[in-house]
1. Any chance region 49-72 includes a residue that's closer than 19 Å to residue 3 by Cα, loosely packed, with under 15 Cβ neighbours inside 10 Å, touching a Ser or Thr at 6+ places or on another chain (Cβ under 9 Å) and of a type in the set (S, T, N, Q)?
2. Yes or no: residue 260 surrounded by fewer than 20 Cβ atoms within 10 Å (Cβ to Cβ), small (Gly, Ala, Ser) and outside the structural domain of residue 134 (by TED's automatic domain parsing)?
3. From the list 97, 65, 57, pick out the single residue that is of a type in the set (A, V, I, L, M), modelled with pLDDT of 85 or more, out of contact with any Pro (no Cβ under 9 Å at 6 or more places or on another chain) and closer than 30 Å to residue 278 by Cα.
4. Being closer than 26 Å to residue 91 by Cα, of a type in the set (D, E, K, R) and touching a Lys or Arg at 6+ places or on another chain (Cβ under 9 Å), is that true of even one residue in region 275-287?
5. Does residue 71 qualify as being in the same structural domain as residue 12 (by TED's automatic domain parsing), modelled with pLDDT of 80 or more, within 42 Å of the chain's Cα centre (by Cα) and assigned to a helix (DSSP H, G or I)?
6. Go through region 231-283 and tell me which strands (runs of 3 or more DSSP E), entirely inside it, have 3 or more residues that are more than 11 Å from residue 168 (Cα to Cα) and under 30 Å from the mean Cα position of the chain (by Cα).
7. Looking at 106, 161, 144, 178, can you tell me which residue is within 21 Å of residue 238 (Cβ to Cβ), among the aliphatic types (A, V, I, L, M) and at pLDDT 90 or above?
8. With 198, 233 as the choices, which residue is under 24 Å from residue 129 (Cα atoms) and in contact (Cβ under 8 Å) with a residue 12 or more places away in the chain?
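The values are calculated or read from the model by the stated rules, or taken from the named source; none is laboratory data. Quick caveat: nothing in here was measured; it's all calculated off a predicted structure. Ideal geometry is used to build each Cβ from the backbone, glycine not excepted, and the neighbour counts take in all protein chains shown.
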Amino acid sequence: MELKQLRYFASVARAGSFNKASVKLRIAQPALSRHIQTLEYRIGAQLFVRTPKGVELTEAGQRLLENVDFILHFVSEIKNNVNKRSAEPSGEIVLGLSPSVASLIAHRVLRRVKEAFPLVKLHIVEGLSVVLYDWLEESKVDLAVVTDFGPVAGVEQMPIAQDEIVLIGDPDTLAGHATGETIEPRDIAKLPLVLTQGFHQLIAGALWDEGIELSPEMEISSTPIVIDVVRRGGYCSIVGLSFVDAEVKAGTLVALHLAGPPVQRRILVAQPNNRPASLALQSVKDLVIDEVLKLNVTPLAT
């Protein structure tokens, strides 16, 4: 039997007339009668008896109507539930964050996704930008916040902000090494430096034209660890201003701008370009962009 036939049966039963039901259903009465006859054949019982006023349900028809009401209500609930779910972000999203960005926004992103999109299960993985690009190409992550490394095959990139590169140190270590809020590039090489490889490469390229080569005393792969080392005194580093904004404002660390044109790093959100973005992915992406832009960064037109 078909749902259509059950709906037709319920309509005739409630109308008490084939003619009234055919008008309501906008179907010719002979066609409606054939559907009911087919249903009676498949049920193996007569469902209606004719009376001078129309039709009445037989005992079998009454039992069927009770079941049909349940079935049609159940089908209606399925449709409503599917429509509701399709209009609400749901599913699993894997978000990749570099260690420095993760320490700044991961906790807020997790909280906001849980509150705004309860049907989304968010997984956050941490990795250097170069690793995150590989994971994007391999579709191991759905979305990532990365540093600009230029075009990457199979990855769609959206620049969202610029972060100024600054020299940081505790007040005692930097005493006597700067004038005001800036430092000359040539003076950076005189300081005890601890750098991440990424920021080392970034600042080395910026200083190359001036013939300045940096020789850090240590290289550490984690920006949060570098910042902790600097905070404890004795070392300086090069990082994005957004990473230390709160500590600079609190006076725990000092951030010096580099004399001359600002050195910037671009922050992007990236995703694999081999599949359409789901509602859940787009919703999480918008939220992540919002959190990045709350940092002390310069927004880029998107």
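1. no
2. Details: surrounded by fewer than 20 Cβ atoms within 10 Å (Cβ to Cβ): yes; small (Gly, Ala, Ser): yes; outside the structural domain of residue 134 (by TED's automatic domain parsing): yes.
So residue 260 fits the description; yes.
3. Working: 65 fails: closer than 30 Å to residue 278 by Cα; 57 fails: closer than 30 Å to residue 278 by Cα.
Result: 97 is the single residue among 97, 65, 57 that is of a type in the set (A, V, I, L, M), modelled with pLDDT of 85 or more, out of contact with any Pro (no Cβ under 9 Å at 6 or more places or on another chain) and closer than 30 Å to residue 278 by Cα.
4. Residues of region 275-287 that are closer than 26 Å to residue 91 by Cα, as a first pass: 275-287.
Add one more test, that the residue is of a type in the set (D, E, K, R), and what stays is 275, 285-286.
Still in the running and touching a Lys or Arg at 6+ places or on another chain (Cβ under 9 Å): none.
Checked region 275-287: no residue is closer than 26 Å to residue 91 by Cα, of a type in the set (D, E, K, R) and touching a Lys or Arg at 6+ places or on another chain (Cβ under 9 Å).
5. Against the criterion (in the same structural domain as residue 12 (by TED's automatic domain parsing), modelled with pLDDT of 80 or more, within 42 Å of the chain's Cα centre (by Cα) and assigned to a helix (DSSP H, G or I)), residue 71 qualifies.
6. Here the list reads 264-272.
7. On the way: 106 fails: within 21 Å of residue 238 (Cβ to Cβ); 144 fails: within 21 Å of residue 238 (Cβ to Cβ); 178 fails: at pLDDT 90 or above.
From the options 106, 161, 144, 178, the qualifying one is 161.
8. When all the criteria are applied, what remains is 198.
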